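Below is one structure, written out as structure tokens, with a few remarks after it.
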Amino acid sequence: MTPTVTMRLDKWLWCARFYKTRGLATEEIGKGRVTVNGQAAKPARDVRPGDTVALRQGPVARTVTVRALSGARGPAPVAQLLYEETAESIAAREAAAEQRRLAPEPAATLQEGRPTKRDRRNIERVSAPDWGSRWSASIDE
């Protein structure tokens with residue numbers, strides 16, 4: 001059996017554990033979130049060792065160099081041997097993580113939390129139109 005020289009991009013992304021399923025990998029490639037050697041790619045594009053793959057996993061952008069190919073999806077330590085992340089990508093990912101860590105907690109802007117039933121009634125009383133001053137066709141005068 002000859003060693004694998006090329007492999008489909010979607011299968012390699014799945015084997016390298018960037019995406020949980022090949023379907024997800026195909027979907028991300030279709031959305032244009034994965035490029036190979038700076039060019040837009042299709043799921044069936046062949047990747048070879050030495051190719052540079054730029055991809056996005058949620059908010060995290062990564063750039064990796066293909067080191068090896070694997071015919072099957074294996075455990076994470078083995079999958080990490082299939083690629084090498086570039087130094088710029090590692091630095092950008094760590095900077096983004098630090099920025100997210102230092103960002104203010106969204107819930108901290110809420111002072112009192114959810115309004116109680118009494119608060120809601122008071123809010124409605126203040127914001128409701130004054131029905132007494134409105135013209136009505138009722139018999140009451």
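The values are calculated or read from the model by the stated rules, or taken from the named source; none is laboratory data. Note that the coordinates shown come from a computational prediction; the quantities given were computed from them, not determined experimentally. When we count neighbours, we look across all protein chains shown, and the Cβ atoms used for this are built from the backbone with ideal geometry, even at glycine. For accessibility, only protein heavy atoms count, side chains too; no ligands or nucleic acids. Shrake-Rupley method; radii C 1.70, N 1.55, O 1.52, S 1.80 Å.
Tell me, yes or no, whether region 76-95 has at least one residue that is at pLDDT below 90 and surrounded by 10 or more Cβ atoms within 10 Å (Cβ to Cβ).
Among the residues of region 76-95, not one is at pLDDT below 90 and surrounded by 10 or more Cβ atoms within 10 Å (Cβ to Cβ), which makes the answer no.
Kindly list the number of the only condition in (1) free of Cβ contacts under 8 Å to residues at least 40 places away in the same chain; (2) part of a loop (DSSP other than H, G, I, E, B) that fails for Lys11.
(2)
Among the numbered criteria (1) more than 18 Å from Leu81 (Cα to Cα); (2) charged (D, E, K, R); (3) over 20 Å from the mean Cα position of the chain (by Cα), which single criterion is violated by Arg8?
It fails just one condition, (1).
Name the single residue that is modelled with the highest pLDDT among those in region 96-120 being open to solvent by 80 Å² or more (accessible area, probe 1.4 Å) and of a type in the set (A, V, I, L, M).
By that ranking, first place goes to Leu102.
Of all residues in region 23-39, which are under 15 Å from the mean Cα position of the chain (by Cα) and assigned to a loop (DSSP other than H, G, I, E, B)?
Of everything in region 23-39, those that are under 15 Å from the mean Cα position of the chain (by Cα) and assigned to a loop (DSSP other than H, G, I, E, B) turn out to be Lys31, Gly32, Arg33.
Name the single residue, out of those in region 45-61 being open to solvent by less than 60 Å² (accessible area, probe 1.4 Å) and in contact (Cβ under 8 Å) with a residue 40 or more places away in the chain, that is farthest from the chain's Cα centre (by Cα).
Val47
Here are some residues: Lys42, Lys20. Which one is open to solvent by 50 Å² or more (accessible area, probe 1.4 Å), part of a loop (DSSP other than H, G, I, E, B), out of contact with any strand residue (DSSP E or B) (no Cβ under 7 Å at 6 or more places or on another chain) and within 30 Å of Ala95 (Cβ to Cβ)? Step through it out loud before you land on a result.
Values: Lys42 fails: within 30 Å of Ala95 (Cβ to Cβ).
Criteria check complete, one pass: Lys20.
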